[in-house]
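Quick notes on the structure that follows.
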């Protein structure tokens, strides 16, 4: 058995446990202690993992399949300038070079530059985790522009259709974040708040009650912490006492930046009789950034505020998206002002070389 299970991580013999508002009692709220597995399937030989399928990896795969099917549908209905035979090629390389590479590079540059500048090989150490949604969006936008130039189609038209699919990938990614118990929200007393075990490793962690639990001896991930807790009941009780209830901000992002944003963009894409090229791309950038900035007020902020504006890094990186999105919206609507809005001429614009 793992040594940490034979030797419970207490600095001193644990004292008698006292009732906590995070557990039970008259007039108190019982909060859910996050105890989900990040694995869809896990096979171990007793020493190390042999075959592992994580929800996070499944989210990438499901996002790829959904984007492929949605783009095929948009092409078939005449909304997208891409040739039917190019959809699989575009989606595959867009996922690999745009989303995955862009997301990983964005994380290293925007959130982990100090370590990355000393060791560039960290970019390829995907097993250590770390991806940025802003980096993924920028990487996909750049790939879309290059691919459109190669195929001689309107990059704004292609970008509009890609923008329609992106929120579904965001939805799946945030659900995977919740399954992993990472990127959780700020401390809150709302009834649907959640106790996230990995909170104990935050630099700013302040236990809800005094404790003798040596939290620094516990594993890093929520899942591994809960494995210890299930093996050592004292640890389970202590976690329920000392963890702070927090907003499940991953779910807020999943439904706002994911499902809600997809619903808006898909409605405009398919219900408006004509959408000028660039409109949906601009709308995506503005709405995603506004929603992200709003949700960040409920999310535990990343360490550091480089501009000292009282904003999280996620909020700072969203501000340029609003500016670019507004420019795209103004340009696309101004260029098509003579069409009298978006409801006069049937069919999407498939102009090329823009």
*How long, wide and thick is the stretch 197-242, going by the Cα atoms along their three principal axes, in whole angstroms, largest first?*
26, 19, 14
_Ordering of 78-91, 235-248, 156-169 by packing [mean C-beta count within 10 Å, highest first]_ = 156-169, 235-248, 78-91
*Evaluate the relative contact order of the stretch 197-242 (contact order divided by residue number), counting alpha-carbon pairs under 8 angstrom at least 6 apart; express in whole percent.*
45 percent
*Going by how many other beta carbons lie within 10 Å of each one, how would you line up 113, 55, 331, fewest first?*
113, 331, 55
*What is the stretch 46-166's relative contact order, in percent, from Cα pairs under 8 angstrom and six or more apart in sequence?*
30 percent
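Once R0 is set to 25 Å, what does the formula 1/(1 + (r/R0)^6) return for the Cβ-Cβ distance between residue 37 and residue 61, expressed as a FRET efficiency to the nearest 0.05?
Calculated value: 0.90.
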*asked:* Just want the ordering: 228, 53, 268, 194, from fewest to most Cβ atoms lying within 10 Å of their own Cβ.
replied: 53, 268, 228, 194
*First measure r as the distance between the Cβ atoms of residue 206 and residue 73, then evaluate 1/(1 + (r/R0)^6) with R0 = 56 Å and state the FRET efficiency to the nearest 0.05.*
0.65
*With r defined as the distance between the Cβ atoms of residue 335 and residue 124 and R0 fixed at 41 Å, what FRET efficiency is calculated, to the nearest 0.05?*
0.45
*Would you order 270, 211, 275 from fewest to most other beta-carbon atoms within 10 Å of each residue's own beta-carbon?*
270, 211, 275
_Between residue 186 and residue 234, what is 0.36 nm times their sequence separation minus the Cα-Cα distance? Round to one decimal in nm._
14.7 nm
*Roughly how many whole Å is it from the C-alpha centroid of the stretch 88-117 to that of the stretch 133-180?*
12 Å
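Bear in mind these aren't lab numbers, they're just calculated from the coordinates by the rules spelled out. None of these values were measured; they are calculated from a predicted model. Because the Cβ atoms are built from the backbone with ideal geometry, glycine has one as well, and the counts that use them run over all protein chains shown.
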